[in-house]
Amino acid sequence: MATADTPNAPDALEALGLPPIDQIGFVVRSLEEAKQRYGSLFGPFTEMDGSVEDADYRGKKADVHLSILFGHSGDLEMEFIEWCSGESPHREFIEKGREGMHHLRYRVEDTDAWIEKVAPLGYKPIWYKQFSADTVFAYLEREGDPLLIEFLQMPEGGPGTS
């Protein structure tokens, strides 16, 4: 719900000049079920280990084991994430009994600068990892909003190709 202090998030985010959303992330209980359920819509899929070590998670360092499927709808990437073990926003989502749309991703040139830009809208980083000088991601939440946003700073060709 928008207030004077936290304007309507989609409108306010758009006004900041964010690039288009390039990924919709879903958390699922089973990648095998997701393949069956969504293969005809978003496949073929690419599968990978999405584990992250030593990320900043709610004020502490944490590891997580994730399995991931990537599909597409046109240019929009569809990500399906199965939480396997460890600490992450995906675990919270599953433990709350949820499954489905989890986050929207924006590719940005400077993750840290965008974290500062969206802070007045009530967004706070809850999961953050800098892999290298040119590759950083952050998941952000805001109170009362179940949908997270992700900022990804990474060259189009992958880390180290800028």
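Quick note: the coordinates plus some simple rules give every number you see, no bench work behind them. Predicted, not measured: the structure shown is a model, and the values here were computed from it. We place every Cβ from the backbone using ideal geometry, glycine too, and count neighbours over all the protein chains shown.
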Exercise. Pop the C-beta distance of residue 73 and residue 15 into the FRET formula with R0 = 30 Å and round what comes out to the nearest 0.05.
Key: 0.70
Self-check item: Potential lengthening between residue 109 and residue 85 on full extension [0.36 nm per residue; Cα-Cα distance subtracted]
Solution: 5.6 nm
Quiz prompt | Among 38, 139, 17 - extreme Cα towards positive end, dipole of region 1-153, charges at beta-carbon | solution = 38
Practice problem: Eight or more residues apart or on different chains, and alpha-carbon atoms under 17 Å: count the Lys pairs in region 50-129 matching that. | Solution: 4
Quiz item: Tell me, what does the Kirkwood hydrodynamic radius of region 82-162 come to in angstroms if you use every pair of distinct C-alpha atoms?
Solution: 13.6
Quiz prompt | Rg in Å to one decimal, and Dmax rounded to a whole Å, for region 1-124 via C-alpha atoms | solution = 15.9, 44
Quiz prompt | residue 143 versus residue 61: modelled label distance in nm, points set 7 Å from Cα along the beta carbon direction | solution = 3.1
